[in-house]
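Notes follow the structure.
The values are calculated or read from the model by the stated rules, or taken from the named source; none is laboratory data. Here the structure is a predicted model, which means the values were calculated and not measured. Cβ placement follows ideal geometry from the backbone for every residue including glycine, while neighbour counts extend to all protein chains displayed. These area figures cover heavy atoms from the full protein model, side chains too; ligands, DNA and RNA do not enter into them. Shrake-Rupley method; radii C 1.70, N 1.55, O 1.52, S 1.80 Å.
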Amino acid sequence: MSRRVVRSARVRRNRRRLVALIAGAVVIVLLAGVAVVVVNLVSLNTGIHRSAIAMPAGTGQTAAPGVAQDTGEVNILVMGLDSRVDENGNPYPQDIYNAIHAEDASVGGYNTNVLLYIHIPAGGGPAVGISIPRDDYVQYAGNIGGVSHGKIKEAYGRELSAKLPVLLKQGLSKADAYQQARDAAREAEIRTVSQFLGGVRIDHFVEVTMAAFYRVAQAVQPITVCLNHATADPKYSGANFPAGMQQLTASQAMSFVRQRRDTVYRGVFLTDLDRTRRQQAFMVSLAVKLRNAATFTNFGTLQTLIDTAKQYIALDQGLDLLSLASDMQHFSGGGISFQTLPVERFGTIGGESVNIVDVKKIQATVAGLLHPPTPTPAPPAPTASASPHSTASTPVNTQPTSTGPASYTNSQQPMQSGAIPCVN
């Protein structure tokens, strides 16, 4: 067999692995901006920033990194940071700051503005993505920088700020101290999420930045989304969208997923929960696009995604991407639903706007999503009578039908993957 034939077969095989990985991994990364993109098996699990931290095993216990991904259920926490720096603390290129409508590296902290808990049940059944509103007021897992309660998104940044000066005083280099502080911050955030959700197990994490999302969106643009109504917010997010189905550039995509207020149209009221719903919708829309294998036949696109992975994404030490891909490649076809946890009301604590939540209700909701009750089979319908006086007729389907996209107007509605949804 000639070298050309062998090389061609290898390229086709690696491309199939790549497409399967993208289709599966798309739902586990911030706004589907996963850059776990590879050209071959060697580059798949190397070059991406890894963090060797202990993961919560459930009910307050911890497990060693590297929980097997093929022996039962897998739970993954996606953390999307609002930081204006990469995984090494370096500023973004200026074009990214311009495109994402964000200030430079001197502005912004390390809030986990996206928290998405992905549960993949044993046996490959339907998965669920649980979005945790970023401003939920919670008890932290431990005392973080002298604080025991706060917004759930702030556990990461608080721990990093408390840990970094201590490590520097111990004589560590700035680079080493920074990376160790980031690891401590990840553990604090992950343990807090586990505790808040009811002591759930978290096997793996994926951490991405706004730059990761933008670079991936830039590589695969345009991406189709759908809005229930026209909306605009030129002052804060740069959003300016008509109603209906439309295609977005990478910069517009950033505005789409960051918008949480309307400053132009009367009668359009958006909240942070609508922003969370937008993020879910974008994940679904991007997954739909990525089902088209032709998206990844351009090796320039592949290289961009690989470079993005190495600079703007972090994973735990045990997350095996190929194993994950085999579990998740069916998700782009509708094998996952997204649910936003309930908020009782908006309030103010310590001068800050927060979400007031019922922790017991939250934990009951999560338990029901992770372990839904087995449905009881419906009893058989009675046999129709042969009496000549019978007035029985053929059952009629009274459910509404529609050829258009599913419309989601309430953040509490479960969102199903597989087709582009319309959102507020």
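Would you work out what percent of the accessible area of segment 152-266, with all protein chains in place, is carbon or sulfur (probe 1.4 Å)?
Carbon-and-sulfur percentage of accessible area, whole number: 49.
Where does each of 142-149, 337-344, 312-319 land if you order them by average Cβ count within 10 Å, highest first?
312-319, 337-344, 142-149
For segment 133-188, take the alpha-carbon Rg, divide it by the Kirkwood Rh, and send me Rg/Rh.
1.03
State in Å² the accessible area per residue of segment 126-243; use a 1.4 Å probe, count heavy atoms of protein chains only, and round to the nearest integer.
Per residue, segment 126-243 has an accessible area of 35 Å².
Between LYS235 and GLN180, what's the calculated FRET efficiency when r is the beta-carbon distance and R0 is 25 Å? Round to 0.05.
It comes out at approximately 0.05.
Less than 21 Å apart at the alpha-carbon level, and either on another chain or at least 8 residues along: which lysines does that give for LYS289?
none
If each residue of separation counts as 0.36 nm, what is the full-extension length gain between LYS360 and ARG345 once their alpha-carbon separation is subtracted?
Result: 3.9 nm gained on full extension.
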